[in-house]
């Protein structure tokens, strides 16, 4: 199946990946062959037309591969051997894998993949014209990947998981230069829009297929939801803080469109979190943020003081680290047959350590944000108590007099 009927305008993946540099090579021939074979098995077991979720051990192996080679050249080379556009489920699972690599893989994965934005645009346009359930899902997922790549291309200070720096304080990015904040706010809103568009069609397709979150079919469709919860909570926090900063200097009329977009997205985001909270599949996987009843009033400074950062925390079980060796044993046989396993190499263990450190840092940053939000809430409650006490004292003094 061709992605584009006009062959002269077709974008070929193998032509695009020529521009992706090879940053690190595995010198030992046998080691290289074993590593590439393991990567290929993980890729083909994760990206296929079977309506089941990719196994986490295969996804993790592909992520580790980007750390070992300091980029995604091998991954994209393997993708030229998988006919991604041949089936909408293949495209859907491919988008999920690249989304995970962009978020959790080596930082060079984003640089490499930006060069392939036109390929995702081509995939999106193709599936947009196909009347099939996964076709619309794949189209929307491609649009989200495009939005993510363009966002990172314009905003190099954001890493794959959308954090900025050790403080993660977006209000200090440009100091008091308000023009880049205005543009950044627009791009954050655009990014959020694509996330909400994707989750909307996911839940709609789940209803139409009459699948629930505990079936393999349902989980295949719900795969991106956890990433979308993580990213949307950060994006919402950034948008709110940037809008408060913009209101310090710019007039309310100039920011009317930005405010209205945020209000509309707030309602959709609140609905998204509520829908996700009802699904049993997510109850033990992620702590879903709870948004207030109404969005902030950006013309009131008190709303900034009372604002609480929404934090999404992925639950990592204590047994996960103890099962590291088991996770690294990649199944290279058919799932229906006996399992053949390949022992991890020292390099894989080093990459696992790097990956775990990256995950630990991300988890700690999320916890710091959560504790910061709790502190702000406690301070607000303390201030309220002080005000109440002051009022009572004044009333007592008045009665005595």
Please state which one of 300, 291, 285, 304 is within 18 Å of residue 224 (Cβ to Cβ) and out of contact with any strand residue (DSSP E or B) (no Cβ under 6 Å at 6 or more places or on another chain).
285
Check off (1) under 16 Å from residue 17 (Cβ atoms); (2) buried (at least 21 other Cβ atoms within 10 Å of the Cβ) for residue 54 and give me the number that stays unchecked.
(1)
Going by the conditions given, is residue 90 over 15 Å from the mean Cα position of the chain (by Cα), part of a helix (DSSP H, G or I) and surrounded by fewer than 22 Cβ atoms within 10 Å (Cβ to Cβ)?
yes
Sole residue being part of a loop (DSSP other than H, G, I, E, B) and over 20 Å from residue 15 (Cβ atoms), chosen from 99, 106:
106
Limited to region 119-161, what total is found for residues that are surrounded by fewer than 19 Cβ atoms within 10 Å (Cβ to Cβ), assigned to a loop (DSSP other than H, G, I, E, B) and touching a residue at least 12 places away in the same chain (Cβ under 8 Å)?
6
Within the bounds of region 188-200, is there any residue that is more than 21 Å from residue 226 (Cβ to Cβ), crowded, with 19+ Cβ neighbours inside 10 Å and under 16 Å from the mean Cα position of the chain (by Cα)?
yes
For region 67-81, check the following and say yes or no: at least one residue is modelled with pLDDT under 95 and assigned to a helix (DSSP H, G or I).
no
Within region 15-51, count every residue that is loosely packed, with under 14 Cβ neighbours inside 10 Å and not in a loop (DSSP other than H, G, I, E, B).
9
For residue 64, are the conditions met, namely being surrounded by 12 or more Cβ atoms within 10 Å (Cβ to Cβ), in contact with a helix residue (DSSP H, G or I) (Cβ under 7 Å, 6 or more places away or on another chain), part of a helix (DSSP H, G or I) and touching a residue at least 40 places away in the same chain (Cβ under 8 Å)?
yes
Residues 116, 144, 137, 156: which one is over 30 Å from residue 207 (Cβ atoms) and at pLDDT 95 or above?
116
State the number of residues belonging to region 283-318 that are part of a helix (DSSP H, G or I) and either modelled with pLDDT of 90 or more or under 29 Å from residue 252 (Cα atoms) (or both).
6
When you check residue 111 against the structure, is it closer than 18 Å to residue 18 by Cβ and part of a loop (DSSP other than H, G, I, E, B), yes or no?
no
Per-region count, region 233-275, residues more than 16 Å from residue 299 (Cβ to Cβ) and in contact (Cβ under 8 Å) with a residue 60 or more places away in the chain
12
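The values are calculated or read from the model by the stated rules, or taken from the named source; none is laboratory data. Everything numeric in this text was worked out from a predicted model, so none of it was measured. Positions of Cβ are generated from backbone atoms using ideal geometry, with glycine treated the same way; all protein chains shown enter the neighbour counts.
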